[in-house]
Amino acid sequence: MSENVYIDVENAWLKFRIYKNRSPALKEAIISKFKPKPNITEITEFDALKNINLNLRGGDRVGLVGLNGAGKSTLLKMIVGIYPPKFGKVHVRGKVTPLIELGTGFDVELSGRENIFLNGALLGRSYKQMKSLEQEIIEFSELGEFIDLPIKYYSSGMHGRLAFSIGTIVDPEILIVDEIFATGDAHFVNKATNRMKALFTNSQIVMLVSHDTDKIIDLCNRVLVLHKGEVINDGSPKEMVDYYLKEIVN
Amino acid sequence: MVLSQENTSDINAKVNSMVEIIPAGNLLEPISESFFSFIKRSLFELSNLKFALTSFVVNNLRRRYRRSVLGFAWSLLNPLTTMIIMTTVFSIIFHNNPKEFGIYIFTGILPWTFMLDSITGGSLSLVDAEGFLKKVYIPKLFFPLVVVSTEAVNFVLSLSSLMILGLILGMPIGLSLLSLPFALAILYVFNFGAALFLAISTVYFRDLTHITRQLLQAVFYLVPICYPLNAVPPKFLVLFKINPFYYFINLFRIIIYQGQFPQPKDWLVPSVIAVLALILGFLLLKRTEKDIIFRL
């Protein structure tokens, strides 16, 4: 495995601010300057992630388990760069494919084909690269002649098939998956499951968030248990899933 | 940065190696990165999104004229009909020579519209992009840039309609038009700087987009667009001279309406204003880059 692919997270904290009054309007900002107690914009901060430390290298397949709101998706989004940590460091090196929300940036007025390019562009790919992948994506999505229709006429299954096909077309070095398992008919789900398995084998580092603990045990070789923004346990999949189900779920 | 030493052959590797995040400290404190290297990093990030930028711009334009029979031709026809109507009306009301006055008005209105649409559209660009910004990593300056670039394409098309109108009215097409691309570049830089600055400010103060709109409405009358500057009483002239918008419009007037090459000072003032706007935008971005996502 190449040494060039890694994820290092050092003492990372992520705070979200919750505004009672979400965006302070200019008027209020001025008024509060003159008021003795500036109590208009009450801000409560909460720690979405606390003191996260991770050193992932090639071969690591890490599963994240935790209750809703434990910070699993937030951790993935921090690693992808969407949320910068308030303290600490995040270093990522390698070709990252984030399968966090498929179909980001789909424009319903545009055709499936146009959306392939738009979505690919948002994932940082070049025109040349997308041109060479275009045919493969269309074939995998099985959209056939529908590819040139605006996607607002697509069924949700077709929509999902297209999004999945674009997102998973390139073998990544780092694969970040948030609860993505393909939608569609049995035939497509079957094909997509195989594609996902291939992606898992071909990627050097995988991070997977899922509530399906069987899948986690099956696919990962290490599991982190997240609770209220903290990694409270870390170890082999079977043990961690048992711990999670016993200590936290119940 | 570690990544810049990497093999640059793979676009994805480049994009993603940029995820390296510098310790942020207190979010609103300036982070320990020099202004110069910040700009370098921003431009580097943008260079990976060249294709995304063109896709967004092309799609914006396509969407505007989608399903219409004439399609893209509307982007030429729209300004052309507006110009013909206004020229006719104004030359009847003010008994002006339509040839002179028509061209005069539109050398003002077109750059003004470019500025207005870039700035008002740009001010909402980050707020509107919340859905993107929370799902994929895209540098923040991408979105104001998309708005300004879309409007720039529109502006070029409108200028072409003006040339058509000019030919109809018998306007002399001179060599001075060669300096048009430079004027366009300066205005583009100004619009981007202003749009970037306002886009970020609007994330923090949402009212700003309305305030901007109202202010620009007032400013419209402080730019000699529908009337000649010599119709203004001398005591009010200072109001025009301190108005930065005036200098950009002036530039286009000299080139198209007067058919002359602008003097060095005609270039200098708008260039300085444009660069200042750009620096201001980048300074604000540097300060708030890591905080914006939490304010959307």
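Quick notes on this structure:
- Helical mean residue ellipticity (222 nm; -39500 (n - 2.57) per DSSP H run of 4+; nearest 500) of chain B: -22000 deg cm²/dmol
- Within the accessible area of chain A, the carbon and sulfur atoms contribute 51%, probe 1.4 Å, all protein chains present.
- R0 of 30 Å, Cβ-Cβ distance B:ILE93-B:GLN217: FRET efficiency to nearest 0.05: 0.90
- Working from Cα pairs under 8 Å separated by at least six residues, relative contact order for the stretch B:50-295 is 27 percent.
- Over the stretch B:50-295, accessible surface divided per residue gives 45 Å², non-protein components excluded, 1.4 Å probe.
- Bridge type composition, chain A - antiparallel percent by DSSP, nearest 5: 60 percent
- Heavy-atom accessible surface that A and B bury in contact, both chains counted, 1.4 Å, Å² to 100: 4400 Å²
- Extension gain, A:GLU139-A:GLU109: 0.36 nm per intervening residue step, less the Cα-Cα distance, totals 8.6 nm.
- Rounded to the nearest 0.05, the FRET efficiency derived from the C-beta distance between B:TRP74 and A:ARG17 at R0 = 45 Å is 0.50.
- Amide H contacts of A:ASP234: A:VAL225, each under 5 Å away and 5 or more positions distant or on a separate chain (H built 1.01 Å from N in the peptide plane; Pro and chain starts excluded).
- Cα-based reach from A:LYS15 at 20 Å (exclusive), listing aspartates and glutamates while leaving out same-chain residues under 8 positions away: A:GLU42, A:GLU45, A:ASP47, A:GLU230, B:GLU20, B:GLU29, B:GLU130, B:GLU289, B:ASP291
- Within the shell of other residues whose beta carbon sits under 11 angstrom from the beta carbon of A:ARG161, the net charge comes to -1, with Lys and Arg scored +1 and Asp and Glu -1.
- Against the criterion of solvent-accessible heavy-atom surface with a 1.4 angstrom probe, B:LYS290, B:LYS134 sort, most first, into B:LYS134, B:LYS290.
- Spatially proximal aspartates and glutamates relative to A:LYS215 (Cα-Cα < 14 Å; intrachain offsets below 8 disregarded): A:ASP178, A:GLU179, A:ASP242
- Sulfur and carbon atoms: percent of accessible area, the stretch B:50-295 [1.4 Å]: 72 percent
- Relative to the longest principal axis of the Cα atoms of chain B, the long axis of helix B:142-169 makes an angle of roughly 20 degrees.
- Cα gyration tensor category, rounded, prolate or oblate, for chain A with a/c compared to 1.5: oblate
- Burial here means at least 30 square angstrom less accessible surface with every protein chain in place than with the chain by itself, probed at 1.4 Å; in the stretch B:279-296 the buried residues are B:ILE293, B:PHE294, B:ARG295.
- Per residue accessible area of the stretch A:125-228, 1.4 Å probe, in Å²: 44 Å²
- Across B:PHE294, A:PHE87, B:PHE72, the residue with the most accessible area heads the list, and the full order at a 1.4 Å probe is B:PHE72, A:PHE87, B:PHE294.
- Relative contact order for chain A, counting Cα pairs under 8 Å that sit 6 or more residues apart, in percent: 27 percent
- Based on every Cα atom in the stretch B:40-119, Rg and the maximum pairwise Cα distance Dmax equal 18.1, 56 Å.
- In the stretch B:183-204, burial by the other protein chains removes 10 Å² or more of 1.4 Å probe accessible surface, compared with the chain on its own, from B:TYR204.
- Accessible surface of B:ILE164 - all protein chains present, 1.4 Å probe, nearest 10 Å²: 70 Å²
- If R0 is 45 Å, the Cβ-Cβ spacing of A:GLU45 and B:LEU61 corresponds to a FRET efficiency of close to 0.60.
- Among A:LYS72, A:LYS131, A:LYS89, the residue with the largest mean-square fluctuation in a Gaussian network model of chain A, with springs joining Cα atoms closer than 10 Å, is A:LYS131.
- Contact residues in the stretch B:35-56 (at least 10 Å² less accessible area with all protein chains than alone, 1.4 Å probe): B:ASN48, B:LEU49, B:PHE51, B:ALA52, B:SER55, B:PHE56.
The values are calculated or read from the model by the stated rules, or taken from the named source; none is laboratory data. This is a predicted model, so every value here is computed, not measured. Counting neighbours? That spans all protein chains shown, and the Cβs are built from the backbone with ideal geometry, glycine included. Calculation scope for accessible area: heavy atoms of the full protein, side chains included, ligands and nucleic acids excluded. Shrake-Rupley method; radii C 1.70, N 1.55, O 1.52, S 1.80 Å.
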